[in-house]
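The values are calculated or read from the model by the stated rules, or taken from the named source; none is laboratory data. Remember, predicted model here, so these are calculated numbers, not experimental data. Reconstructed Cβ throughout: ideal geometry from the backbone, glycine too, with neighbour counts over all protein chains shown. For the accessible areas, the whole protein counts, side chains as well, though only heavy atoms, and no ligand, DNA or RNA atoms are used. Shrake-Rupley method; radii C 1.70, N 1.55, O 1.52, S 1.80 Å.
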Amino acid sequence: MSSKFQATISSDSVVIDIVERHPNFPEIVQSVLTQIVKQKNLDQLREYGGVEGLASSLKTNLKHGINGDFYIQSSYLNPNRYDGGSIFVTVFVVTAISAIVKFRQNRRFVKLSKVSNNIQVDVLRNGGEQKVSRFEIVVGDVVCLNNGDQVPADGLFIGGHSLLVDESSMIAETNPVEVDLSHNHNNPFLFSDTKVTSGNGRMLVTSVGMNTTWGEIITISIDSNEHTPLKYKLNKLTSSIGKVVLSVAFLVQVILLIRYFTGNQKDMNGNAEYNGSKTIAYDILNSVFDIIAAPVTILVDAIQGGLPVAVTLSLAHSMKRMMSDHAMVGKLSACETMGFATTICADKTGTLTLNQMKVTTFWLGQDCIEEKGISSVATSVVELLHHGIGLNTTGSVNMSASGFEFEFSGSPTEKAILSWAVSELNLDMEGLKQSGEILHVEAFNSTKKQSGVLMRNKEQNIINLHIKGGAEMVLAMCSNYYDVSGTIKVLDDDERKIFDGIIQGKAASSLRCIAFAHKQVPEEENEEGKNQIEGNCLTLLGLVGLMDACRPGVKEAVQEFQYEGVNVKMVTGDNIFTARAIATECGILKPNQDMESGAVVLGEQFRNYTLEERMEKVNNISVMARASPRDKLLMVQCLKQKDHVVAVIGDGTNDVPALKEADIGLSMGQGTEVAKECSDIVILDDSFGSVATVLRWGRCVCTNVQKFIQLQLTLTVATLAINFVVSVSTGEVPLSAVELVWVNLIINTSGALALATEKPTKELMGKPPVGRTKQLITNVMWRNLLSQALYQTAVLLTLQFKGEAIFKVSANVNDTLILNVLALCQVFNVIFLWKLENKNVFEGIHKNHLFLVIIGVTIAVQVVVVEFLKKVAGTERLNWWQWGVCVGFALVSRPIGWVVKWIPVPQKPFLLHPCHPPISHTSFSLTPLELDPASG
């Protein structure tokens, strides 16, 4: 119930009556109605048109009485209840929509997790290795574990070599744990969902499913404190809007209090409401309470209820489209963060290349064997190669079920070398295992880039050390080499230059070069405690070149990234020549770029830079070769400190630290389970082009959010200006809380949903990324929203002060016109925002049927509210002419927007303020991390 104060002045006293409007008949003053009968005031009765006129105002039929339903409904639909109800509706709608969307996403995550967790595991059954789902493993199974695998169940270690397991998912310890049966490390225990970081082995399954240790402690963790760039910018924007609105509300309150206590606040009869000491304290208190309550309506502007709903809807829509484009999104926030990406750090093997290795060249000594044939190689050298390949491996060779062909398992590099050895060197793995005894194994080491095995030849009773690894690394440990005839020759400086040239030639041809070497170990050096592998004074056995072709579409995707303003860097463990050749083939490097320009560096170089040097050079680096996990991690950290939003793409164990540290971690579907577990997005089709698709949708999310922010701020600025001007001028707030909530939440949320349906466009992708520090609200947005807000303010103020006189309508109809014009302006503003910078906003709009449907439904709902919900919304029905006026005012925003887009704006933001979200870093213990040789 609204109240007014009326002062009646007599000779001896001042009587201040509270003028109360009847709750069901706003045009009737309750006190006057009471006094007409109490004081028998015929003059006042005549002012109401006599008994018949008063009955008409009271909506009473003198023959049939009142409409009882009207009074019953009115008691429940009292506008004193609207403000509280509007707040309830706001909270309920925002919470409900967010909850429904998140519930649907969680259900989708559950379905996807069932697919992603359906890991294929190698088990020994019926005398051979078989691949089965982890859900089909039973107690008693023997599971084969290799580097990068996820342990599928609880069990016991029964054999293997140098098995290191990451148990950080079970305990707080981040260092990998060694699992073996030796007296020094008597730890045969393996736990479900831990990860193999190095070596290989076999385990006996003792528990599966919920009976495992992991099954007992499994929990769902949600990172609620995650600071994504968009989330940070939106929180800062919302906070800024709240501060401005709060300041305006406080200013209005101060002005109204000054107006009241200075006697400038008039009642409906034109008398001052405050007359100093003549006004009683109770009346003053009531007036002050009314003044304090008035700015509350202004505070509704600060409730950006539609903003989180719009972001959630946009993210959900883009995530659904990403799923259809073969990208499994693990975190909803990854969709938005990808749109801010400025730099992509990509691994080579399995990411830029197919990770399908094939041996294409073999050099023994200084001779290319393809030219002479394998028959020209001495038998003794071939036998040594058999031992060096067949025993120093994490792969295996088995006869297929048909019995006519071999099946190879292991990493792509191991499979390629084993396949070549079986087909070209006639390697017999079964016979080799019987003739050779393995004494000690050193698994592949990411720092040394090699693996080794110490074995005893049972037939000759001699002990040999065999080393396999990166060609330049192994060559550095050799002092001799074999030629084709089996003769051992000294590897002097001149010969070493020749071999260096061979290795560089293979690398320049995009080949990965692997070397084999050996040396005979005296029996006395194999005593207990002295059987550790020491690589020096070796004899080079041979070199193989492995081809790993680039993925189809990689070059086109890299060019697209560069067009979109995103830098692509390749970080690989391969040697510098192979890395440079692949980077050039993929378009990451230009043909004329070299090491002198700083575009290509070695991991060791980067590691040894000072912090200042790394920060200075990191932007210019395009390729980092021979990179260790620590080097990749350092690069990501440096880029983040340089305010880049970094995406890391990798599929190997060595990519895990960088994947966790990056703003967005992506991995390929064929990557190791460790890498996929640490990634935010998994590219299911293993296509590098799908990464570009993910970026496009992320960028589209960012732009759609910017469009909605412009829509929201236009409304906020306009309503804030109207409420401020009118409340200061008249002491009343023209737009009620219900009206503000309706336009703010319903109209703008439907507009956000419409804007979220737009697909990525070429014009959108041609813009530079927003990044971590750039302003979310651009100068173009300020230009557009201020022009629209000023127009809306001018129109609505005109209607507020002159609408009744101009259009010859009542106060209630004029209020409805104001609400209708405001709502329709927002609807047409959505169409105006379809293209932020294009002058032709209708370009392609007819192809987006969902957008047109949402706009049509929104207009229809507005018509229903105005024409049929009078009792709820407090509106009056409008005739066709009045509807035409409202639509006309809304349509004028289109030419204004078209003209405004011709106005150029500077690139430098109008408002400069720090916009730097906190950067978090993850701590890793990298020293003991042993990696897959194929994960370069």
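Between their Cα atoms, which of LYS233/LYS847; LYS348/LYS640; LYS348/LYS489; LYS415/LYS617 are more than 28 Å away from each other?
From the list (LYS233/LYS847; LYS348/LYS640; LYS348/LYS489; LYS415/LYS617), the Cα-Cα distance tops 28 Å for LYS233/LYS847; LYS348/LYS489; LYS415/LYS617.
Whose amide H sits under 5 Å from the amide H of VAL121, counting only residues 5 or more places off or on another chain, with H placed in the peptide plane?
The answer is VAL132, SER133, ARG134.
At 0.36 nm per residue, and after removing the present C-alpha to C-alpha distance, how many nm does the segment from ILE438 to TRP881 gain when stretched out fully?
Gain in length upon complete extension: 149.9 nm.
Can you tell me the FRET efficiency between GLU383 and SER133 if r is taken as the Cβ-Cβ distance and R0 is 51 Å, rounded to the nearest 0.05?
0.80
What does the extension gain come out to for THR610 and ASN275, with contour length at 0.36 nm per residue minus their alpha carbon separation?
113.0 nm
Tell me the per residue accessible area of region 767-855 using a 1.4 Å probe; a whole number in Å² is fine.
Here the residues of region 767-855 average 40 Å² of exposed surface.
When the Karplus curve 6.51 cos²θ - 1.76 cosθ + 1.60 is applied with θ = phi - 60°, which whole-Hz ³J(HN,Hα) does each residue of region 455-470 get, with x for Gly and Pro?
In residue order, the calculated couplings are 9, 10, 7, 5, 5, 9, 6, 10, 10, 10, 9, 10, 10, 9, x, x Hz.
Pop out the ³J(HN,Hα) list for region 158-166 in order, Karplus 6.51 cos²θ - 1.76 cosθ + 1.60 with θ = phi - 60°, rounded to Hz; leave Gly and Pro as x.
Once rounded to whole Hz, the list reads 10, x, x, 9, 6, 7, 10, 10, 8.
Exactly which GluC sites (Glu not before Pro) in region 435-524 are in a DSSP loop and have at most 11 other Cβ atoms within 10 Å?
Here the sparse-neighbourhood loop sites are GLU459.
How would you classify region 798-839 from its alpha-carbon gyration tensor, with a ≥ b ≥ c the square roots of the eigenvalues: rounded for a/c under 1.5, else prolate if a/b is greater than b/c, otherwise oblate?
Prolate.
Let me know the shape class of region 602-761, please: from the alpha-carbon gyration tensor, a ≥ b ≥ c as square roots of the eigenvalues, rounded when a/c is under 1.5, otherwise prolate if a/b is greater than b/c, or oblate.
prolate
Quick one: if you stick a label point 7 Å off each Cα along the C-beta vector at ALA794 and LYS808, how many nm between them?
2.7 nm
Of the peptides 481-493, 884-896, 414-426, 672-684, how do they stack up when ordered by the mean number of other Cβ atoms within 10 Å, highest first?
672-684, 414-426, 884-896, 481-493
Tell me whether region 793-882 comes out rounded, prolate or oblate; compute the Cα gyration tensor, take square roots of the eigenvalues as a ≥ b ≥ c, and use a/c under 1.5 as the rounded threshold.
Oblate, because a/c is 1.5 or more while a/b does not exceed b/c.
Pull up the cross-link candidates among the lysines for LYS320, meaning alpha carbon to alpha carbon under 17 Å and not fewer than 8 places away within one chain.
Candidates past the 8-residue exclusion: LYS102, LYS111, LYS331, LYS759.
Which ³J(HN,Hα) values, rounded to whole Hz and listed in residue order, are derived for region 498-509 from phi using the Karplus coefficients 6.51, -1.76 and 1.60 in 6.51 cos²θ - 1.76 cosθ + 1.60 with θ = phi - 60°, glycine and proline given as x?
5, 5, 4, x, 5, 5, 5, x, 5, 5, 5, 8
Using 0.36 nm per residue, how much length does the chain from MET399 to ASP494 gain when fully extended, once their Cα-Cα distance is taken away?
Length difference between fully extended and current span is 29.7 nm.
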